[in-house]
Amino acid sequence: MTLESVTIADELITTVDSFSCVAHVKIDLTNSSYAVSAILQELAKNNVSLELISIRSDQIMFTVTEDAVDVVCSNLKLLDCCFDIERQCAIVSISGGKVTQIPDLTANITGELLSQHIPLLRMFGSVHHITMLLPTTYLPSMVTILKDKFGIAFV
């Protein structure tokens, strides 16, 4: 999907992308005997590409393509990891200029999505990007909200 129009005054948004064939993986490290690096290296050995990686002392979270889920499950079971995988997720990224410096854009988008009961599994922001992870079933509603409430439209 590509950006059709933006009504934000300074038009800093240049692209809006969506990818909807991902799974969200959460690994509980509380009782794990493996270091984070060992787990990630094992997945890398099996050609698993990770995105949206987040590492905390008690948990690793990342996304993988749906076709990599079986390999991830097999590897994590071999390592005796406690994990959860949520399939059928979508990543939506809003990019351009200094998108997170548009006053309250991130807060307003988040508030509107949550008020419409659209669960955000994860949300990241940097100066140039806002990236959101959500169940794919909510993607049409999110696209409508971004267009109707914020003037951010997909083609």
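Which net charge results for the neighbourhood of residue 34, defined as the other residues with beta-carbon distances under 13 angstrom from its beta-carbon, given Lys and Arg at +1 and Asp and Glu at -1?
-2
Just to check I understand the Karplus step: with θ = phi - 60° and J = 6.51 cos²θ - 1.76 cosθ + 1.60, what whole-Hz values come out for the stretch 67-75, glycine and proline as x?
Each residue's phi maps through the Karplus curve to give 6, 9, 4, 4, 5, 4, 4, 4, 5 Hz.
Counting only other residues whose beta carbon sits under 13 Å from that of residue 82, what net charge do I get with K and R as +1, D and E as -1?
-2
log₁₀ I(q)/I(0) of the stretch 38-84 at q = 0.17, 0.22 Å⁻¹, via Debye over equal Cα point scatterers, no solvent, to two decimals?
The calculated log intensity ratios at q = 0.17, 0.22 Å⁻¹ are -0.44, -0.78.
Could you work out the equivalent-ellipsoid semi-axes for the stretch 16-94, taking the square root of 5 times each eigenvalue of the Cα gyration tensor, largest first, in whole Å?
22, 13, 11
Figure the gain on full extension for residue 126 and residue 57 (residue separation times 0.36 nm, minus the Cα-Cα span) and round it to one decimal in nm. Mind showing how you got there, number by number?
Numbers: separation 69, 0.36 × 69 = 24.84 nm, distance 2.24 nm.
Here the answer is 22.6 nm.
Work out how much length residue 104 to residue 30 would gain on full extension: take 0.36 nm times their residue separation and subtract the Cα-Cα distance, in nm to one decimal. Mind dumping the intermediate values first?
Details: separation 74, 0.36 × 74 = 26.64 nm, distance 3.60 nm.
The span from residue 104 to residue 30 would gain 23.0 nm if fully extended.
Where a number appears in this text, it was derived from the coordinates with a stated rule and is not lab data. These figures come from a predicted structure and were not determined experimentally. Please note: Cβ atoms are built from the backbone with ideal geometry, for glycine as well, and neighbour counts cover all protein chains shown.
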